[in-house]
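I have placed the structure first, in the form of structure tokens, so that the comments after it can refer back to it.
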Amino acid sequence: MTHHPIITSHRRSLFGAACILGLLLCQGGNRTALRAADSGQGAIEGTWDLTVVGSPFRIVRTFKAGGTNIDSSNFTPITFTPGPLTVSDGHGNWIKTGPNRYAMTLEFIQFDPVLGRLDSIGKVREVIQLGPDPNSYVGDFSTDIFLPDGTKIISLTGGRVEGKRMSAKP
């Protein structure tokens, strides 16, 4: 059986186009799956209700798209200064380091209202793992406290937080 050269060439072109289209669809599907894994319920963005393991301390932490975060907590001041201090909320940044893994750094200030001056600055570093349920969270953290001139005066390691994603309830 003889094949007409134009029809054979046309079939090869259609076959090649179909192969390219198939590859593009597969690639697009993979990109969509990757985006889905980094968004919505599978991502760290959102607000979390955290407890510091073995303590009465609680943290409400919000991770915002773009890599920033804000903490509010009931921590008492961490300093050698006697007397009352005011502790600010924590502000910082986070990055994704792997599947369901993140690293976060935040800073807070401790103000001495009696003397009317900055007492110290705290820096928290945390490694975070979302659980198999993307609404659970475990983090291991360390905290360093610095004088305003940058001298480190306290270093605490081995802290752990656990918590759940907060959700809207009607």
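Listing for the model above:
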| read-out | value |
| --- | --- |
| Those residues of the stretch 51-78 which are in a loop (DSSP other than H, G, I, E, B) and among the β-branched types (Val, Ile, Thr), in sequence order | 53, 76, 78 |
| Residue among 47, 76, 51 that alone is hydroxyl-bearing (Ser, Thr, Tyr) and modelled with pLDDT under 90 | 76 |
| Enumeration of residues in the stretch 110-139 that are of a type in the set (D, E, K, R) and either in contact with a Phe, Trp or Tyr (Cβ under 9 Å, 6 or more places away or on another chain) or closer than 25 Å to residue 80 by Cβ (or both) | 112, 117, 119, 123, 125, 126 |
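The values are calculated or read from the model by the stated rules, or taken from the named source; none is laboratory data. Because the structure is a prediction, the values reported are computed rather than measured. Please note: Cβ atoms are built from the backbone with ideal geometry, for glycine as well, and neighbour counts cover all protein chains shown.
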